[in-house]
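To start, the structure under review is shown below, and the notes come after it.
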């Protein structure tokens, strides 16, 4: 690659794959690595530059891969290391890089490290995890809570101490003050990088360091939002510690040590001003950091414009934003943002693929795939199982990819997939691929437009004046984007030029000679003369 031109991901489009739900090659109802290989041509045709795989490492699956019991092997139900190597090679032939999910905060309680750690207080791996004495009377060491509900501490009868878990009891947190833990993860990152992985998405990278003194978290206040509080506490001491940046800088030095530097993407559910810190000084930390303020915002002009402007102002020089509307935890944007309105689905895609930064699509976004209602008996997500009916879990956004309207949705030949299929007739790849008016066709046009026009992959972002309910911005010297995010018609001034891409394909190539009139939930890319 030409390093002078900048890293590949700054001009690319990424695509998240949830492997269990992408494509099943052996008819067991579970997606797998060979299934991904079989569908690489779709991703190449769509135009994506990199795929991020949710965990494929060995796991007992109490949290579906995010409870790892072997960081350097592939889960048998998903394939083998040979299958993984083949995926990297075949993706590379199509110009697609492969990124892995790495889970450094915790392991499975079935990991050999933890099994040894809990065997005795003098075990070799004892200090690899957060163990502490209870308070007088047997209370937990402090007031930290689990993101999955309840105390964050579990008492271990065998050794008479508590261990900490930010998530499930079966996901004990590692002690990142331990140098052996840091060295071991250096080796894990090298293991996969040496196999050709192009980078890593770092799971909950903002919480891996905890307060060394195990101090109580303070109570949350009215000013604390989703990103700074949990169950009535402000997450001061079990998350967002300043020392985490030392670890990320260490990983960045490792990643940059390769001839083709590896990309580090952070899962960073923090306020925008804190998000900027994760890029480091002189870009020495994350390459990309997910903006949860954006994904949690409503699909409205005022809310999203404010977050984008705040992000643009906060990021240090040279830093590059990442934008996404869906992922395996946050549900599918066609339902969550667009309320299953086809016009708003198209509008959201045009927005995501036109902002300054790297867009990250989630499997099914390209066809407008909606959330799927999953009955309680079919739920697999531990959050849904635990909190039903008050919370139905994350399964609605994890259901199988809809490739066709055939039995099994083109996902599987099994009688019963691991999660139920949605309405495959309403959205599937086969039906949309040759339809020029489909969501898939629009998504592909937008990705191609980005590739053909450097202003959209490299140019600056500048907000333009627009009426209430609308949002307009300029990319580079000659291109503008105008979105009507309201239910009424609007007119945006000073939009003279030619329509290059529109959510309504019939208006493409239209010449605009005055104010641009936008129908409800309509979006445009215009090239000025």
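Here are some notes:
- Residue list for segment 375-391, filter: buried (at least 19 other Cβ atoms within 10 Å of the Cβ) and without any contact (Cβ under 8 Å) to a residue 40 or more places away in the chain: 379, 384
- Taken together, the residues in segment 221-254 that are part of a helix (DSSP H, G or I) and either more than 22 Å from the chain's Cα centre (by Cα) or at positive phi (or both) amount to 4.
- Yes/no for residue 510 being surrounded by fewer than 17 Cβ atoms within 10 Å (Cβ to Cβ) and modelled with pLDDT of 95 or more: yes
- Pair list, Cβ < 7 Å and 6+ apart or interchain, from segment 49-60 residues that are under 10 Å from residue 17 (Cα atoms) to residues that are in a loop (DSSP other than H, G, I, E, B): 51/96; 54/18; 54/65; 54/328; 55/65; 55/66; 55/68; 55/103
- For segment 386-418, the set of residues classified as in a helix (DSSP H, G or I), at pLDDT 95 or above and closer than 17 Å to residue 148 by Cβ consists of 395 only.
- Among the conditions (1) surrounded by fewer than 23 Cβ atoms within 10 Å (Cβ to Cβ); (2) in a helix (DSSP H, G or I), the only one that residue 334 does not satisfy is (1).
- Options 161, 110: the member that is out of contact with any strand residue (DSSP E or B) (no Cβ under 9 Å at 6 or more places or on another chain) and modelled with pLDDT of 95 or more: 110
Every residue, every condition in (1) buried (at least 18 other Cβ atoms within 10 Å of the Cβ); (2) outside any loop (DSSP other than H, G, I, E, B); (3) in contact with a strand residue (DSSP E or B) (Cβ under 6 Å, 6 or more places away or on another chain); (4) modelled with pLDDT under 95, yes or no:
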residue: 420; (1), (2), (3), (4): no, no, no, no
residue: 424; (1), (2), (3), (4): yes, no, no, no
residue: 447; (1), (2), (3), (4): yes, yes, no, no
residue: 462; (1), (2), (3), (4): no, yes, yes, no
residue: 472; (1), (2), (3), (4): yes, yes, yes, no
residue: 482; (1), (2), (3), (4): yes, yes, yes, no
residue: 487; (1), (2), (3), (4): no, no, no, no
residue: 491; (1), (2), (3), (4): no, yes, yes, no
residue: 498; (1), (2), (3), (4): no, yes, yes, no
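- Scanning segment 431-445 for residues that are assigned to a loop (DSSP other than H, G, I, E, B) and touching a residue at least 12 places away in the same chain (Cβ under 8 Å) yields 436, 437, 438.
- Some residue of segment 73-96 being at pLDDT 95 or above, in contact with a helix residue (DSSP H, G or I) (Cβ under 7 Å, 6 or more places away or on another chain), buried (at least 16 other Cβ atoms within 10 Å of the Cβ) and outside the structural domain of residue 217 (by TED's automatic domain parsing): no
- Members of segment 114-138 found to be modelled with pLDDT of 95 or more, part of a loop (DSSP other than H, G, I, E, B) and either touching a strand residue (DSSP E or B) at 6+ places or on another chain (Cβ under 9 Å) or assigned by TED's automatic domain parsing to the domain that holds residue 386 (or both), listed by number: 118, 121, 130, 133, 134
- Residue among 344, 356 that alone is in contact (Cβ under 8 Å) with a residue 24 or more places away in the chain and under 15 Å from residue 14 (Cα atoms): 356
- When 441, 414 are checked against the criterion of being more than 21 Å from residue 524 (Cβ to Cβ) and either surrounded by 14 or more Cβ atoms within 10 Å (Cβ to Cβ) or not assigned by TED's automatic domain parsing to the domain that holds residue 394 (or both), 414 stands alone in meeting it.
- Qualifying residue in segment 218-239 (condition: touching a strand residue (DSSP E or B) at 6+ places or on another chain (Cβ under 8 Å) and within 25 Å of residue 317 (Cβ to Cβ)): no
- Selection within segment 206-220: residues that are farther than 12 Å from residue 142 by Cβ and under 28 Å from the mean Cα position of the chain (by Cα). The member of this set that is surrounded by the fewest Cβ atoms within 10 Å (Cβ to Cβ) is 220.
- Residue-level check: of (1) closer than 21 Å to residue 113 by Cβ; (2) out of contact with any helix residue (DSSP H, G or I) (no Cβ under 6 Å at 6 or more places or on another chain), residue 221 misses just (1).
- Qualifying residue in segment 239-249 (condition: farther than 24 Å from residue 184 by Cα, crowded, with 19+ Cβ neighbours inside 10 Å and assigned by TED's automatic domain parsing to the domain that holds residue 195): no
- In segment 139-211, counting only strands (runs of 3 or more DSSP E) that sit wholly within it, the ones holding 2 or more residues that are farther than 24 Å from residue 261 by Cα span 153-156, 161-164.
- Scope segment 255-265; condition over 12 Å from residue 99 (Cα atoms) and touching a residue at least 40 places away in the same chain (Cβ under 8 Å); matching residues: 255, 258, 260, 261
- Subset of segment 446-479 [farther than 20 Å from residue 307 by Cβ and in contact with a helix residue (DSSP H, G or I) (Cβ under 9 Å, 6 or more places away or on another chain)]: 446, 447, 449, 450, 451, 457, 458, 476, 477, 478, 479
- Tally of residues being without any contact (Cβ under 8 Å) to a residue 40 or more places away in the chain and buried (at least 18 other Cβ atoms within 10 Å of the Cβ) across segment 221-238: 2
- Counting only residues that are in a loop (DSSP other than H, G, I, E, B) and over 28 Å from residue 470 (Cβ atoms), segment 261-313 holds 16 of them.
- Qualifying residue in segment 146-155 (condition: modelled with pLDDT of 95 or more, surrounded by fewer than 17 Cβ atoms within 10 Å (Cβ to Cβ), more than 29 Å from the chain's Cα centre (by Cα) and over 28 Å from residue 9 (Cβ atoms)): yes
The values are calculated or read from the model by the stated rules, or taken from the named source; none is laboratory data. What you see is a predicted model, and the numbers here were worked out from it, not measured in a lab. All Cβ positions, glycine included, derive from the backbone under ideal geometry; neighbour counts span all protein chains shown.
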